[in-house]
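Shown next, in structure tokens, is the structure this report addresses.
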Amino acid sequence: MAWSRTPQDISFSTFDLNWGFLAIRPIDVRSDVTLLHRWLIDPRTTPRSPSRVSRVRRLLEAMLVDPERRLYLGFRDDIPAFLFETFRPEHDPQAPRPGAVGVRLLSTPGEDEAHGFATAVLRTIAKLVLDDPAHDRVVLESDVAEARLTRLAAGFHAEQRITAHGREIFVSTCSRADLRAEYDLEAAG
């Protein structure tokens, strides 16, 4: 089923040779809550699953209260495929500074086994963030259990392992130079 959208809904898009058209837009809590509820109650996507649609709506609205935090829905060929957030990074291994944007991939339902898809998603997210000249680095936080998807993917470099909010997290970074270097390696090999 194709997801209905209009061109102005899409904030950013790329094309991946293996995965097709990847597009991103900010979430709309009212229209996306049912879809995100299904994703967030799936035990494969998160162990902290809210059980009711109204709880998911409140959770999403609470996340969006912070003006530095944004939630985005990503599409693969017009079908919802991933959810992520951007925020001011608090665990920046290179010391917090202007220009760094934190990223958390929240859900990629149905694509768990597809390592290449996670890499394409992270590459698209890094391009979105670094497309803004005010941003010079993406700081990716991922659960240690999910680190296999992010380690050295899409130009990210694992910097440190920390414990935060009761979880073990890998913190990785990607700069414009890292992203360019990854593309140079892909083109060569």
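A compact table of results
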item	result
Among (1) in a loop (DSSP other than H, G, I, E, B); (2) at pLDDT below 85; (3) closer than 21 Å to Arg137 by Cβ - the single one Glu68 does not satisfy	(2)
Whichever residue in the range 142-170 is in a loop (DSSP other than H, G, I, E, B) and at pLDDT 65 or above and, among such residues, is nearest to Leu122 (Cα to Cα)	Phe156
Residue match in the range 35-57 (condition: at pLDDT below 85 and in contact with a Phe, Trp or Tyr (Cβ under 6 Å, 6 or more places away or on another chain))	yes
Residue in the range 104-117 that is closer than 21 Å to Ser13 by Cβ, in contact with a helix residue (DSSP H, G or I) (Cβ under 8 Å, 6 or more places away or on another chain), open to solvent by 30 Å² or more (accessible area, probe 1.4 Å) and at pLDDT 90 or above present	no
Residues being outside any strand (DSSP E or B) and without any contact (Cβ under 8 Å) to a residue 12 or more places away in the chain - total across the range 11-29	2
Residues of the range 70-87 classified as in contact with a Lys or Arg (Cβ under 8 Å, 6 or more places away or on another chain) and closer than 19 Å to Val171 by Cα, total	4
Yes/no for Thr14 being among the hydroxyl-bearing types (Ser, Thr, Tyr) and at pLDDT 80 or above	yes
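The values are calculated or read from the model by the stated rules, or taken from the named source; none is laboratory data. Just so we're clear, the structure is a prediction, and the values are computed from it rather than from any experiment. Note: ideal-geometry Cβ built from the backbone for every residue, glycine included; neighbour counts use all protein chains shown. Please note that ligands, DNA and RNA were not included when accessible areas were found on the heavy atoms of the full protein model with its side chains. Shrake-Rupley method; radii C 1.70, N 1.55, O 1.52, S 1.80 Å.
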